[in-house]
1. Based on C-alpha coordinates, I'd like the Rg and Dmax of region 119-245, in Å.
2. Taking a temperature of 4 °C and a viscosity of 1.567 mPa s, what whole-number D in µm²/s does Stokes-Einstein yield for region 672-753 with Rh from Kirkwood over alpha carbon pairs?
3. Taking Cα pairs under 8 Å and at least six residues apart, what relative contact order does region 371-498 come out at, in percent?
4. What is the set of long-range amide H partners of Phe386 at a cut-off below 5 Å, with H atoms built 1.01 Å from backbone N?
5. Cα centroid distance between region 99-135 and region 466-506, in Å?
6. At what distance in nm do the modelled label points of Thr121 and Trp456 sit from each other, each positioned 7 Å from its Cα along Cα→Cβ?
7. If I model a spin label at Ser740 and Leu376 as a point 7 Å from the Cα along the Cα→Cβ vector, what separation in nanometres do I get?
8. Could you pull the Rg and Dmax for region 122-164, using just the Cα atoms, both in Å?
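Readers should treat all values here as calculations from the given coordinates under stated rules, not as data from a laboratory. Everything numeric in this text was worked out from a predicted model, so none of it was measured. Reconstructed Cβ throughout: ideal geometry from the backbone, glycine too, with neighbour counts over all protein chains shown.
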Amino acid sequence: MKKYVYTFTLSILGLFFTQTFTAQYCPAGPSSTFDSNVESVTLNGETSGINYTGCPGVSGVEDQTSLSADIKTGYVYTATIRFGTCGGNYGGGGEAWIDFDGNGVFDASESIGSSSGTPGTAPWDASVDFTFTVPVTATLGTTGMRVMQQESGSPPLNPCGSFTWGSVVDFTIDISYGTTCAGVTGLTSLYVGLDTVSIGWTPGSEIGWNFELGNDGFAPGTGTAVYSSNPAGPTDGVSGLSLGTDYDVYVQADCGADSSQWVGPLDVTTLLTCPSPSGLSGIVLSSSSISVLWSPGDSSETQWQLQYGTTGFTLGSGSTMLVNGTPADTITGLSGGGTYDIYVQGICGPADSSFWIGPVTFSTPASNNDACDAILLPVDGSVNMFSNLGATSTGPTTNTPRANIWFKFVAPASGTVAISNCETTIDTELEVYADPADCGDYSSFVSLGYMDWNPWGCAGSHPSGIELCSLTPGATYYFWVGPWSSSAPTGMIPVQLYDLLAEAGTGQVLSFCEQDTVNLWNGLSGNESQLGTWVYPTNPLAVIGDTLLDAAYMTLGGTEAYYIMSSSCGADTAVVTLDVQQLGATGTAIDPFDKCNDASVSLWDGLSGTVNAGGTWNDDTGTGMLSGSTFLATGLPDGTYQFTYTINNGICPSSSTTVTVNLSTCIGINEHPELDFTVYPNPNQGSFYIRNNGQTNDFILEVVDLEGRLVYKKARSMSGASELNIALDVEAGTYFLSVSNKRGKSVYKVIVH
């Protein structure tokens, strides 16, 4: 539970008083560290900012108060939050709060934004922006910010809520004085003309306003014009602007004593005098040319500009043509089987052009409609799109090709190739041939295989595909692809060629924590294709989305995952060794842990439950009296001393438990009045020694587990300074050894790992 300390200084009649109080935020958050989780939070302040990345998950409230952002009263800021997951994708709600009044409570009115969704699905397939204005009445100083994601929850969320899956993260916010003048709201354009804009807004208690306009993207304070609207408003206007130009507008409230932050930008675009053309259309003339025509926007208009590119191109990045005199022209130099978008713009004079109209979309007919025009494709796994628009049926008549297009390839060193039409939108078929002596003589073509289906069950409208083995490396092969249907439909056909015996790669050791989800590709190098399959035989349920492994379903230690490249031509397998590390167990602190200052204290005695060896003890109090796991407490003053046991294996997050030793002077009290022994090593693996520190007698030795069950009992005679070995056949855990005779009894904690 995070505490924030606030200090206030008051001046009354020349005297200064300082008041300090602590705000304590409520506990909240998930009990599980899996699945739904805040993945990132970004908040840029004036000079410092929060830049947080989540995962792995943390139960309860995750303390990230070392991350802070400084903000000012009256100013506008944006918190960018990614509501996501550390595992599976499940719906829920998200919300964020800032304790603006500094009272230690996240009030509903202090919410800066909320959202709901499912990770990976809009709107949670991207970050969400929460834009907020710092209240002018906000308490100055340090305060808290809380971000919450609750699986199966819906806004408004309870900032103090506890649940199973999700996350709660606390940050620090520093609020300083910016302005007591609140910014305007409702900024809007009232009128946009050829060279004039008029702006309106909703006023507050201010007495006037400042109005700034500049080119699109300018920073407030650097605009081309600043206008005072004091005391007029809440409207303003500007004339003498350029035609058809994008501008940004900002407005600042003037409260007399100070001014607000600039509010904006409002985007406005002045109109054009040049009317836009209409009726854009065209005719495909050949595989490389399209005739385009349109109607002028004005009878006096005699010049236009065309812009074109492959479908989906960004206007401004395409190829351009200037057309004079007649509203028609022909675009040449296109690629056969391509699909193009075309736009047109009217030009009425210098710096006076219309808006673009379009696009209209055209597909050029295939240029590879016969074997002699076959397109050479690489055998590299890339997917290339082709159109069979305008194609006829050409080729050997054995399997009756229809509206087909032709390709060729060079066989790789492995002599194996797969040809795929996966994801096609038309039902396809294909046939492969050896390199013919004459590409124009179809009677000389020797078929190597025909397919009107595929062997992989891939998606699409009945895609075809074939696997070819025993090809001659370096030799050229031909194939055609076309529609299977006799109606010979046309459309876009994807064609992919890849090496069936590509190297699966070299597997490496992949180390990760038992709470992680790991990408298997990180454990593989030198692989020539990603068309293989990942397999984890130990538990197939651990595989998520084909390439991810959830460690929660895996075996600790070393297991193996396999990346398999397999086909009818053979197989290659890479082995990735999976080193799953366990979170360190540091036990639970015994409280109270009271000890006398007349002897050293074994800090292991301050822990209960499962404790792993191999960690380190830290002297938190700074006594300088820590030796390994022993607190050299003899003669130290009464008081409280803290020591933390930490395990960090370099893979999992650190685990730690803090033991508090309550040390006091114990006059006349001896914990073991008659019996004094040393037990070592401790922890151990079930075999340890008892050293007699001076007593000579017969003793009863007993070992019990945490449930009080007796696991060892022997009667032994021990003389002074002798050592006795005890070997236990027990599971790892905590046990208690008692050494007793008629004079007394001593009990020692023994940890077996």
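1. Cα radius of gyration and Dmax of region 119-245 are 21.0, 62 Å respectively.
2. Answer, rounded: 102 µm²/s.
3. 41
4. For Phe386, whose amide H was placed from the backbone, the distant partners under 5 Å are Ile493, Val495.
5. 52
6. Placing both labels 7 Å beyond Cα along the Cβ direction yields 2.8 nm.
7. The answer from the label model is 9.3 nm.
8. So, for region 122-164, Rg and Dmax equal 14.0, 37 Å respectively.
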